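Participant: Take this structure first; my questions come after.
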């Protein structure tokens, strides 16, 4: 799929997409706690569909009860299949692998796309210490596991991704019947662990005592979960960040459905927009962001170590800021759908925005004319969206190849941009027509 974007002005109101971080955690919690769960505002991205596929494969029944709700009925982890596909979801495979290991059945875990190249050495090192047999492809997929996982005191490295810890927290909450502790070194993306703990609490799971994110202690007293429960998926700050930035660089936008008190790490986009001088009005039911009058946007400094998914929208923002914007946390970008630091430098370079990488620092030279260009998503949903936002006020037409990458997290993104006033034309290859 190719998307053509012409220079235009944003003026519109958009409902934030459902958070796949919230949705996937809710799927895992519904599976583990058993009984009946009604999930409101469920996501429908590829990653969300992969999570639903996994819990179905682990024995849950999923029913669509109306356009805005799912019913999940579970009796715990009871695998129906010897092979489970996590799609291209990094959170999915890292969270669900320890959960799958609660079963004593051998399970082959597979994935697609960039997930095939993401390192899974963490499981090779950790799961055997918990009684799980594991065989991987030299630290890559496919991975074969056989449990049952037996919670025990353990030390883990939290520097690569907090998603590994999320999976262990979920599995331990379900299986720990005696006191055990997970000790963590150098944990990154702490806000995502806050989200995990919040979901666990809402599902009445065994929630560990958190000691400064350095240890998580389970008492071994598993609460009895309610037979029926309801959960509403939050609006997604990660996807909404692109909408908010579009308002800052290309007019004005109102975004509804975001929780200002959310534990999602990407809520920090509000700080970056403030630093850049965007006009913002924060209300409980909506957020307004508009481009400033007068001298326009200004360069800013920002630490994205705990929210690396903000790099792409912030690069689009920085492209329109006068001066050099400096964003820290580049080391968190290597193992994404693409090597995002390199990809951002190359694709935004085509649009006339200079980016330098200096160890853990990205320096973006903004306010030079952003030029329309032929760019490529590199099969990375956030690269496609970042280029699209930058293209709205660029000089000339921009074409984005393989733009269907957005389906991974925000399938309605281009439709929402059009609703907000952007000139967006979607072209499908005749080779894909059945």
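Participant: Look through the range 259-272, keep the residues that are touching a residue at least 12 places away in the same chain (Cβ under 8 Å) and out of contact with any helix residue (DSSP H, G or I) (no Cβ under 6 Å at 6 or more places or on another chain), and return whichever of them is nearest to residue 166 (Cα to Cα).
Facilitator: Residue satisfying both the conditions and the ranking: 262.
Participant: Only one residue in 199, 249 is within 28 Å of residue 270 (Cβ to Cβ), touching a helix residue (DSSP H, G or I) at 6+ places or on another chain (Cβ under 7 Å) and outside the structural domain of residue 165 (by TED's automatic domain parsing), so which one is that?
Facilitator: Exactly one residue qualifies, and that residue is 249.
Participant: To continue, here is another question. Take the range 295-334 and flag every residue that is in contact with a helix residue (DSSP H, G or I) (Cβ under 8 Å, 6 or more places away or on another chain) and assigned to a loop (DSSP other than H, G, I, E, B).
Facilitator: 297, 299, 300, 304, 305, 306, 307, 319, 320, 321, 329, 334
Participant: For residue 273, which of the numbered conditions (1) modelled with pLDDT under 95; (2) part of a helix (DSSP H, G or I); (3) touching a strand residue (DSSP E or B) at 6+ places or on another chain (Cβ under 9 Å) fails to hold?
Facilitator: With respect to (1) modelled with pLDDT under 95; (2) part of a helix (DSSP H, G or I); (3) touching a strand residue (DSSP E or B) at 6+ places or on another chain (Cβ under 9 Å), residue 273 is out only on (1).
Participant: Ok, one more. Collect the residues in the range 154-170 that are outside any loop (DSSP other than H, G, I, E, B) and either within 15 Å of residue 200 (Cβ to Cβ) or touching a helix residue (DSSP H, G or I) at 6+ places or on another chain (Cβ under 8 Å) (or both), keeping them in residue-number order.
Facilitator: Once the filter is applied, which keeps residues that are outside any loop (DSSP other than H, G, I, E, B) and either within 15 Å of residue 200 (Cβ to Cβ) or touching a helix residue (DSSP H, G or I) at 6+ places or on another chain (Cβ under 8 Å) (or both), the range 154-170 yields 154, 156, 157, 162, 163, 164, 165, 166, 167, 168, 169, 170.
Participant: I'd like to check something: does the range 329-342 contain any residue that is over 23 Å from the mean Cα position of the chain (by Cα) and touching a residue at least 24 places away in the same chain (Cβ under 8 Å)?
Facilitator: No, the conditions are met nowhere in the range 329-342.
Participant: OK, next. From (1) at pLDDT 95 or above; (2) at positive phi; (3) touching a helix residue (DSSP H, G or I) at 6+ places or on another chain (Cβ under 7 Å), pick out the condition that doesn't hold for residue 131.
Facilitator: Only one criterion in (1) at pLDDT 95 or above; (2) at positive phi; (3) touching a helix residue (DSSP H, G or I) at 6+ places or on another chain (Cβ under 7 Å) is unmet by residue 131, namely (3).
Participant: Take residues that are assigned by TED's automatic domain parsing to the domain that holds residue 132 and crowded, with 18+ Cβ neighbours inside 10 Å and tell me which of the strands (runs of 3 or more DSSP E) falling wholly in the range 44-98 contain 2 or more.
Facilitator: Ranges flagged: 69-74, 83-85.
Participant: Between 382, 378, 393, which is assigned by TED's automatic domain parsing to the domain that holds residue 302, surrounded by 17 or more Cβ atoms within 10 Å (Cβ to Cβ), under 24 Å from the mean Cα position of the chain (by Cα) and within 26 Å of residue 252 (Cβ to Cβ)?
Facilitator: On inspection, the qualifying residue turns out to be 382.
Participant: Among the listed residues 151, 119, identify the single one that is part of a loop (DSSP other than H, G, I, E, B) and in contact with a strand residue (DSSP E or B) (Cβ under 6 Å, 6 or more places away or on another chain).
Facilitator: Among 151, 119, only 151 is part of a loop (DSSP other than H, G, I, E, B) and in contact with a strand residue (DSSP E or B) (Cβ under 6 Å, 6 or more places away or on another chain).
Participant: Yes or no: residue 204 in contact with a helix residue (DSSP H, G or I) (Cβ under 8 Å, 6 or more places away or on another chain), outside any strand (DSSP E or B), surrounded by fewer than 22 Cβ atoms within 10 Å (Cβ to Cβ) and at positive phi?
Facilitator: Yes: the conditions hold for residue 204.
Participant: In the set 238, 232, 219, which member is under 30 Å from residue 186 (Cα atoms) and surrounded by fewer than 19 Cβ atoms within 10 Å (Cβ to Cβ)?
Facilitator: Unique residue meeting the criteria: 219.
The values are calculated or read from the model by the stated rules, or taken from the named source; none is laboratory data. For clarity, every value in this text was computed on a predicted model and none was experimentally measured. Glycine gets a Cβ as well: all are built from the backbone with ideal geometry, and neighbour counts include every protein chain shown.
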